[in-house]
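Undergrad: Submitted below is the structure of interest, expressed as structure tokens.
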């Protein structure tokens, strides 16, 4: 193999991913604003990223790009003048996209603006209010319960004004044959698994892809959830049509087993590739059917696009108690889990990269492998080595209707073995790639 | 919802069904004759029923409408002159369609004309001989065993003469979009579950449908088994072509679990609707594949028609010991089982009535539900309420290729929830019905 | 039924098959040469067999017909002048297709030419070297271990010269409707199960088919493995196109359960027929998916032919320890296992012979079976006899799209019952065969 396609070192990638998460954790991201923009600038130090700015008010299908939100400070002061809630301690304390406010009000008036988790009294929830003008604070239930009656002073020093929605796009051109879309929402504040882990995996994949020859082109998007994918799709319908495979990345740093959620199509190549890779890893995993809820696959898989985009996760959104709380912190994600996710994602991309359909140049009977040195010389043994079985499978099923992934699945062999067999047969002119 | 489509009260329906069964139980029905005609006249007091008379000798496909059978009396007198078998005690005592007879004969000569159930010595079997000229009596095995040798006098005071085959048809026109066929054989004498229960369910459904607005048209048939459906099909080929869904009703009053037998097609809308309704009821039930035996689905599903007609039952024909015996009496059926069958049948009809295929008017990305008040305002929660999931499923799958039933099945949600979501989305012009 | 299609006696067939195996066991067969030719001449005493000779050097697709190999004697003499390996004791002792050799050499030099089975120290392995010029001996590991150092004299008195590849073909013409191919490799020396059992089964089937009227034509091939089927296919492409069903026979004499390996298509009639027959026998059996390894189905199922050819075995190749060793001897196969394989193969051929697709002449509603004497006269019984169910199934599914085998499978009835029902219905003009 002449291509520079050495497998990247996953353990190193996992450590680098974790380091990036640590750096980005304190930033107060939202769907627009300085936090999101700063995050993209940090990513630009890792990979070649175009940053796009879309003005407030731009129509994107049924939606409108919202005002830009920026926050400087926020707190709640108790009757005794002490801070009871402080944005500087955790950016989760403010409901994302809160309108600016400076008021004094009674606890009773304040209460509807306070969000807590009675079942998890020490955790701060993460709440948003993107599309309705309101404000609020999130705090631990323990704190909420301890608040005395009296007058409270609240400050949210934020602006919600015409500006831009920002997103980042890294395009890595390949030889052709359709694009691979990788997408991660990047709009969450101090939450590690959801979705700094996804961001860090997208960065690591982009970096490894950058360093290698590519058959496919890759488009890696760092976008605000929902409105970001809608904006990208609205502005890039032609590019969307070139997407042949796609993965949304999210929640890839926790200790849970790997989970792949199928695209709406259910049997796209990426669906078969992910199932193949996860099955051959030999460890517990889960394959979920598509549901129109979750991350930006909701938009990519809307009926007017129906792109073949699945979602790679460890524990899915909403299925771990720490989800969307202050407990989704730097202790909840680990370099080794990030490394494991990187390894699986890379293997899936390798299948997408190298999957191909061939036709046998000798479809009538087997070609004589022995005289080409492709078959052992003494006959009569009870079994055949796996690689020779791969050669026979590839020859038998290369009728233009089975891609290598289908051959691997029917043969029960890993894709890498089948691919190697096919490439060797092609070198001996026993296969021709079908364009 | 402006339509008067309140769900009928099943408990009341069950009590009324049982009362009708009690009234009709004593009548000696057969495939033709006064008993069948009297039964239809009783049903006419409940619903708007057309009674059709087809002359003896009419060719109906491969068959010929038989002579009309009417019976006044029948008995067997023993050697001592006492009645040992008496039609007035049970109309099951006479083999249905027996030719008239008045003879004296030995027990040995009589024996081949006597039918009993050795395994159930206290039950009288139900036997017929429609298409061969013979006569016979049915009696308990205990009585049979006790008959002394000697001379027996037998009387069957019946007529088998040119007349008519009678059937009843209730047509309830709807807005269009294909007819729903409901069919029950009504030719059995004093047997409660098979098939007075089916008759009573057909009557109850017809009455509830009569009182409501209808999208579909409904055609409810009360016919003699086999020859009745053949006769109806032979005379109504154009109407048969308009049948989009159908249900044969039988054995719906016993204590067994509900059973649905699929149409020959196996995947007709009625098959999917019945499976959906039975699954979502959350109680034990059974779905059977089509077999060309059972009730009039045999004719509706013959290859030249292949109508999408399934069969709703509780315990199927031949699977309960009381089947076709005197033990299938008024104690074997209960108002609460009838009510339960009514409820299930009504739910199936509701699916057939309201199932539709839509296309999203915003197929590219999700429409913004929040600004239409269709989505909760604060984001970040771990899960989505079922109704909002239904909205997303309907939007995602309304591509003109999925009907609401398919969406409900894929979403794992009850049809009623999906239907409500679709109707609300249509009100907001987010869906358009596909004609 | 007027045809002379009495079922042959399997027990007798089993005994005759075993007797033939005993006779052919000592012959030293290889892919060419006198042993193969002698075997065909012995078979010609049983059936009408054409023997074909194809010259060395003939191109057959990607292959070339090899030189002809004939061996007269072979041995290894130890340092003391005694024979330590003697071809006359077992023809497995010589690697098949060894080039002639007469040398004296040290044990160290001899070692690479000696093959044994360390795990089975008392068995001689079977090894071949068809397509590389080398020589070798096979011996028990116990003998190998006991060889003292010193000078050894080796002799292989063989010729490897231009000649012919020989194969036998028995063609039994039928009324039409496509050919059935039966193929067995016949190139193994003293090995009983692989493949004298396959040869003996092919002979027994050919003899029974010869004696009977046939709808289909049958072509029974006795060929050297791989190169034989490639040669036949290369010379008979037109005949290959007429093959509608096929069976490769091998390893049918051991005590294991019956195994059927599907054709590459997986759902060919022969695949459904074999599965049907094995399932209805009510004893343990196995159905395997196609893999491009095994016997000559590899060639018949190559993508350029993709013939519907499966493989009937008991324990498959490579799955029994005796495979390709001296332990696959006359004690390893039994007349009763051969008889059982014959019975199953015959039943499969009967399905292929009699399977047909009909159309009902009365597709609208059931025809009246009673007046044709095809239905019992008294009605009301709880269940229907299997034969009457078969009549109803055949009528219901004879729409031109279901063959009798599909009807039998859907009805859960044996093919023979469904076939009998169809033939009786056809006699009553209720079915018409679809050409």
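Undergrad: Restricting attention to region A:54-65, which residues are within 24 Å of the chain's Cα centre (by Cα) and closer than 25 Å to residue A:127 by Cα?
TA: A:54, A:60, A:63, A:65
Undergrad: While we're looking at this one, here's another question. Would you say residue C:68 is in contact (Cβ under 8 Å) with a residue 40 or more places away in the chain and surrounded by fewer than 19 Cβ atoms within 10 Å (Cβ to Cβ)?
TA: No: the conditions fail for residue C:68.
Undergrad: Still on this model: Would you check which residues across region A:363-374 are surrounded by fewer than 17 Cβ atoms within 10 Å (Cβ to Cβ) and either at negative phi or facing chain C (nearest Cβ under 8 Å) (or both) and list them?
TA: Selection gives A:370, A:371, A:372.
Undergrad: To continue, here is another question. What number goes with the only condition from (1) facing another protein chain (nearest Cβ under 9 Å); (2) at pLDDT 95 or above; (3) exposed (fewer than 14 other Cβ atoms within 10 Å of the Cβ) that residue A:360 does not pass?
TA: Every condition holds for residue A:360 apart from (3).
Undergrad: If you don't mind, there's one more thing I want to ask. What tally of residues in region C:72-106 results from selecting those that are within 14 Å of chain A (Cβ to nearest Cβ) and under 20 Å from residue C:122 (Cβ atoms)?
TA: Here the count works out to 5.
Every residue, every condition in (1) crowded, with 24+ Cβ neighbours inside 10 Å; (2) modelled with pLDDT of 95 or more; (3) within 27 Å of residue A:69 (Cβ to Cβ); (4) touching a helix residue (DSSP H, G or I) at 6+ places or on another chain (Cβ under 9 Å), yes or no:
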site	(1), (2), (3), (4)
A:160	no, yes, yes, no
A:164	no, yes, yes, yes
A:167	yes, yes, yes, yes
A:179	no, yes, no, yes
A:184	yes, yes, yes, yes
A:210	no, yes, no, no
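Undergrad: Would it be correct to say that residue C:252 is more than 14 Å from chain A (Cβ to nearest Cβ), in contact with a helix residue (DSSP H, G or I) (Cβ under 9 Å, 6 or more places away or on another chain) and buried (at least 24 other Cβ atoms within 10 Å of the Cβ)?
TA: Yes: the conditions hold for residue C:252.
Undergrad: I'm told residue A:325 meets every condition in (1) under 26 Å from residue A:219 (Cβ atoms); (2) in contact with a strand residue (DSSP E or B) (Cβ under 6 Å, 6 or more places away or on another chain); (3) within 14 Å of chain B (Cβ to nearest Cβ) except one. Can you identify the failing condition by its number?
TA: The number of the failed condition is (1).
Undergrad: Can residue C:346 be described as crowded, with 18+ Cβ neighbours inside 10 Å and within 22 Å of the chain's Cα centre (by Cα)?
TA: yes
Undergrad: With respect to the numbered conditions (1) under 19 Å from the mean Cα position of the chain (by Cα); (2) buried (at least 23 other Cβ atoms within 10 Å of the Cβ); (3) in a loop (DSSP other than H, G, I, E, B); (4) away from chain A (no Cβ under 14 Å), which one is the sole condition not fulfilled by residue C:302?
TA: It is condition (4) that residue C:302 fails.
Undergrad: Can you name the residue in region A:132-142 that is surrounded by fewer than 19 Cβ atoms within 10 Å (Cβ to Cβ) and within 11 Å of another protein chain (Cβ to nearest Cβ) and, of all such residues, is farthest from residue A:226 (Cα to Cα)?
TA: A:134
Undergrad: Here's a follow-up. Does region C:384-398 hold any residues that are in contact with a helix residue (DSSP H, G or I) (Cβ under 9 Å, 6 or more places away or on another chain), under 26 Å from residue B:320 (Cβ atoms) and either at pLDDT below 90 or more than 7 Å from every other protein chain (Cβ to nearest Cβ) (or both), and which are they?
TA: The answer is C:384, C:386, C:387, C:388, C:390, C:391.
Undergrad: Residues A:352, A:391: which one is touching a residue at least 24 places away in the same chain (Cβ under 8 Å), in contact with a strand residue (DSSP E or B) (Cβ under 9 Å, 6 or more places away or on another chain) and crowded, with 21+ Cβ neighbours inside 10 Å?
TA: Just a single option satisfies the conditions, and that option is A:352.
Undergrad: On the basis of being away from chain B (no Cβ under 11 Å) and under 16 Å from the mean Cα position of the chain (by Cα), does residue A:312 make the cut?
TA: It is true that residue A:312 is away from chain B (no Cβ under 11 Å) and under 16 Å from the mean Cα position of the chain (by Cα).
Undergrad: On the basis of being over 27 Å from residue C:303 (Cα atoms), surrounded by 20 or more Cβ atoms within 10 Å (Cβ to Cβ) and under 14 Å from the mean Cα position of the chain (by Cα), does residue C:225 make the cut?
TA: In short, no.
Undergrad: Only one of (1) under 15 Å from residue B:128 (Cα atoms); (2) touching a helix residue (DSSP H, G or I) at 6+ places or on another chain (Cβ under 6 Å); (3) assigned to a strand (DSSP E or B) fails for residue B:54. Which number is that?
TA: Result: residue B:54 fails condition (1) only.
Undergrad: Tell me, which strands (runs of 3 or more DSSP E) wholly within region B:78-183 include 3 or more residues that are touching a residue at least 60 places away in the same chain (Cβ under 8 Å)?
TA: B:151-161, B:164-172
Undergrad: Further, regarding this structure: Quick check: is even one residue across region C:99-107 touching a strand residue (DSSP E or B) at 6+ places or on another chain (Cβ under 9 Å), at negative phi and buried (at least 19 other Cβ atoms within 10 Å of the Cβ)?
TA: No, region C:99-107 contains no residue that is touching a strand residue (DSSP E or B) at 6+ places or on another chain (Cβ under 9 Å), at negative phi and buried (at least 19 other Cβ atoms within 10 Å of the Cβ).
Undergrad: Just to be sure, is residue A:69 within 14 Å of chain B (Cβ to nearest Cβ) and assigned to a strand (DSSP E or B)?
TA: Criteria met by residue A:69.
Undergrad: Shifting gears a bit: Is it the case, given these coordinates, that residue B:120 is farther than 29 Å from residue B:165 by Cβ, within 14 Å of another protein chain (Cβ to nearest Cβ) and within 34 Å of the chain's Cα centre (by Cα)?
TA: yes
Undergrad: Would you mind stating whether residue B:267 is part of a helix (DSSP H, G or I), under 25 Å from residue B:419 (Cα atoms), out of contact with any helix residue (DSSP H, G or I) (no Cβ under 9 Å at 6 or more places or on another chain) and away from chain C (no Cβ under 14 Å)?
TA: It is false that residue B:267 is part of a helix (DSSP H, G or I), under 25 Å from residue B:419 (Cα atoms), out of contact with any helix residue (DSSP H, G or I) (no Cβ under 9 Å at 6 or more places or on another chain) and away from chain C (no Cβ under 14 Å).
Undergrad: Right, residue B:47: part of a helix (DSSP H, G or I) and more than 25 Å from residue B:156 (Cβ to Cβ) or not?
TA: No.
Undergrad: Tell me the residue from A:205, A:196, A:209, A:201 that is assigned to a helix (DSSP H, G or I), under 16 Å from the mean Cα position of the chain (by Cα) and over 24 Å from residue A:307 (Cβ atoms), please.
TA: None of the others qualify; the one that does is A:196.
Undergrad: Oh, and also: What number of residues within region C:184-193 are assigned to a loop (DSSP other than H, G, I, E, B) and touching a strand residue (DSSP E or B) at 6+ places or on another chain (Cβ under 9 Å)?
TA: Here the count works out to 5.
Undergrad: Among the residues of region B:1-43, count how many are out of contact with any helix residue (DSSP H, G or I) (no Cβ under 7 Å at 6 or more places or on another chain) and at pLDDT 95 or above.
TA: 14
Undergrad: I'm trying to understand the selection: among the residues of region B:277-293, which are surrounded by 19 or more Cβ atoms within 10 Å (Cβ to Cβ) and in contact (Cβ under 8 Å) with a residue 40 or more places away in the chain?
TA: B:277, B:278
Undergrad: A follow-up question, please. Take region C:399-431 and flag every residue that is within 13 Å of chain B (Cβ to nearest Cβ), within 20 Å of residue C:371 (Cβ to Cβ) and in contact with a helix residue (DSSP H, G or I) (Cβ under 9 Å, 6 or more places away or on another chain).
TA: C:421, C:425, C:428, C:430, C:431
The values are calculated or read from the model by the stated rules, or taken from the named source; none is laboratory data. Bear in mind the structure is a predicted one, so any value in this text is a computation, not a measurement. Here the Cβ is made from the backbone with ideal geometry for all residues, glycine too, and neighbour counts use every protein chain on show.
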